[in-house]
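Taken together, the values in this text are just the output of simple stated rules run on the coordinates, not laboratory data. What you see is a predicted model; the values in this text were computed from it and never measured. All Cβ positions, even for glycine, are placed from backbone atoms using ideal geometry, and neighbour counts span all protein chains on display.
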Amino acid sequence: MNDKITREKLFGQLDFKTIATDPDFKEDSVREVIILPILKELGYTQENIVRSKTLQHPFLKIGSKKRPINLIPDYTLKVENNFAWVLDAKAPNQKIINDDNVEQVYSYATHPEIRSNYFTLCNGLEFSIYRTSDTDKPVLFFEIENIERHWEDLKLFLSPSSFQIGKNFTYGATTATAKPKGDFDYNTRPLLEEIPVKKQSAKRHFGVHGYFTKQTWNVVADYIKNFSKPGDLVLDPFGGSGVTAIEALMNSRSAVNIDLNPMAVFIVQALIAPVNQTDLARAFEEVIEEYKKKEPTTEAEIKKALKKYPGPKPISLPKGSDVETVDQLFSDKQTAQLGLLKSTIKKQTNENIRNSLLLMFSGLVTKVNLTYHTTPNKPKAGQGDCSAFRYYRYRIAPSHVDVDVMYYFELRFKKVREAKKEMEYFINENTISNAQIIKGTATNLKFIPKESIDYIYTDPPYGKKIPYLDLSAMWNAWLDLEVTEQDFKEEAIEGGEHNKSKNEYNELIVQSIKEMYRVLKFDRWLSFVFAHKDPEFWHLIIDTAENCGFEYVGAVPQKNGQTSFKKRQNPFTVLSGQLIINFRKIRNPRSIMKANLGMDIAEIVMQTIEGVIAKNNGGTLEQINDELIIKGLELGFLDLLKKEYSDLTPILLENFDYNETTEQFTIKKNTKFQTHLDVRLRIKYYLISYLRRMERENKSSHFDEMVLAILPLLKNGTTPESQTILNVLEDIAEHIGQDEWRLKREGQTTLFD
């Protein structure tokens, strides 16, 4: 059977040439003769098609009594009980592009009770589709008599399967599609759960050189291993200190690391530069021997050294700094000693060894300057940080710390040598060609061929938080690294010395996402770290990614350490840690549908809480907050959450049991889930609760008794078969004796746990 759509299949022998001149073929004819067959063929049933829904204008009213103005779209199309798109019929003589009609239908699509990503118009002769995020031009426009040529595109945009409602809780959702080892399938990679942080256990990252932001190495490594395979090419277009690139190389991938900041590029290049350890140690000894002979300590020696050895370039510092230029950040003694040390290092002829020693020198500059602040209660010199890293501005320390240059240079040597030793098996003369460390902008990746990248993991800058180029001036000045006006123009930040606007920042992020889409292969993944405080920025990322052709798969909360007091006090206004947003580049991407703000969001809140509890066999306040933030961001009602649920404690204590020891909320004993969750997820939760209770009471657990105990709790939907319960039981428990079960011990559980 040939399922290919034809004009005749949809409209019979309708003659489109006569429609325009037929005075009886009006808007109602367009609806019945043209639109209805299209909707049915797309897969919409009577229950999914809402005709002439009345909407009250959100802010306009008329008359002295302020009567509401009604908006009435011809069709609103529903998917899974949410509004996916709107369609308005027009008479054949009406325009459906570049006209007031477009603005009218846009007002329907953006109404709080609809909030759809797409809106469409049809006048019987033509069909147009618009994204609500861009009404300047349609994403698809065609003449109805040529519909068969455009049918596949029409389905990709508007069929029910083209939409998703964010991330849902389902049994085994994060692991059920994972393939056996050895059978790597990019399309079925699972989303990772939150990963425990191991910040200080990798010498290649911790203690080598300070930087303003640094992703946790083991989190990045796990993402690389999950979404790519050995031999793949991994890109980070906001490379920073190179965690993504280094972890890609350490896991037998190739890497492209791009950053606009020459300081960042230098750190990564110098760190991974292969060296002979004996030659490096010999060069280090040569440097310190010469330095010690010439070290300026007296006032006369310092004056002489200042004339002989160049100090840092007098680069202007950003507004708000305590001094005007970089050279003023150092005492004469510091400048003289650092100048001598740098001059001595520069005599080394081997480039990799020279750069490795300069990396140590640059790390030393972090301590040997007038902005160096000691850590409270740790007055010993060396236990602190420079103000650029601690306060994000150049602030002169209240008390000067006289750091022993040679002592800390030797410490730098040990750190860099240990880092290189840790990496040398994977990053060496034979593999270094797998790394491309490039100074450039994420907004223009023209040197990377189209569809050549296998995986992207990136942590972009966040608005006004850190002006990287401004704050790197001290290191760039000592390392003779140039920052151009073009670099400042292309830097994706708000504010800074060049007073960039929010719109400029947004435009640069948008362009970078477009470039990431271009260079990524199909059926490959992008993991985008999100730590911004502004929900608007979330929607910018999601909308841009979807407009490019990415499909949103899900966001995962990932902590970096302790939850702040501010976060605990204001759960929906402060993000603790970060979210890692995961997209796939596929040929038929689905769009996220936003929640209908005309509905009561209490059901979404309750379903989310119960989903967290069912998935984790109990949920902490922080886990529940994280999931609700994701839901609020995905479905576009975070602002409403802030207003109505600023404190979750009352609703949690009223509806759930709380264990003070574990700090977890659970379903009240012998009660049902109030919302509809995946039945296998509910079965798993009740089985685990039952088995744990039997263990505590030292009683046996038999299958028939389990079924009798949990079936009454599952009857808020279709009652599951005993075989379904047994399948879930076999995932989480083990047989003991003839007909007894117990939970699998740690290390025994299957992928579904």
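Results, tabulated for the structure shown:
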quantity	calculated
Dipole of the stretch 277-423, positive direction: furthest Cα of P312, S331, N352, with charges on the beta-carbon	N352
Distance between modelled label sites at E504 and K521, nm, 7 Å Cα→Cβ extension	3.9
Full-extension gain in nm, Y425 to T325, via 0.36 nm per residue minus C-alpha separation	31.8 nm
Computed FRET value (nearest 0.05) for H400 with Q277, which takes r as the C-beta separation and R₀ as 25 Å	0.10
Per-pair calculated FRET efficiency, R0 = 60 Å: A300 and V50 via Cβ, rounded to 0.05	0.10
Rg over Rh, two decimals, the chain (C-alpha only, Kirkwood Rh)	1.04
Charge tally in the Cβ shell below 14 Å around S252, where Lys, Arg are +1 and Asp, Glu are -1, S252 excluded	0
Spin-label model distance (nm) - T6 vs K668, 7 Å beyond Cα toward Cβ	6.3
Rounded to 10°, Cα long-axis angle of helix 262-272 versus longest principal axis of the chain	80
C-alpha long axis of helix 299-308 to longest principal axis of the chain, angle in °	60
Listed pairs K446/K521; K203/K421; K167/K450 exceeding 19 Å between Cα atoms	K167/K450
Distance-filtered residues of the stretch 677-694 - backbone nitrogen under 16 Å, label point 7 angstrom along E740 Cα→Cβ	691-694
Computed E for T724/K699 - FRET, C-beta separation, R0 25 angstrom, nearest 0.05	0.55
Length-normalised contact order of the chain in % [C-alpha pairs under 8 Å, at least 6 apart]	12
Net dipole in debye of the chain [+1 Lys, Arg Cβ; -1 Asp, Glu Cβ; about Cα centre; nearest 20]	1900
Label-point gap, in nm, between N146 and K414 - each point 7 angstrom along Cα→Cβ	7.4
Those residues of the stretch 468-484 whose amide nitrogen sits under 19 Å from the label point placed on D332, 7 Å along Cα→Cβ	none
Lys/Arg +1, Asp/Glu -1 at C-beta; the chain dipole; positive extreme among T662, F227, P92	T662
Tilt relative to the chain, helix 621-635 - C-alpha long axis, 0 to 90 degrees, to 10	60
Relative contact order [Cα under 8 Å, 6+ residues apart], the stretch 7-163, whole percent	21
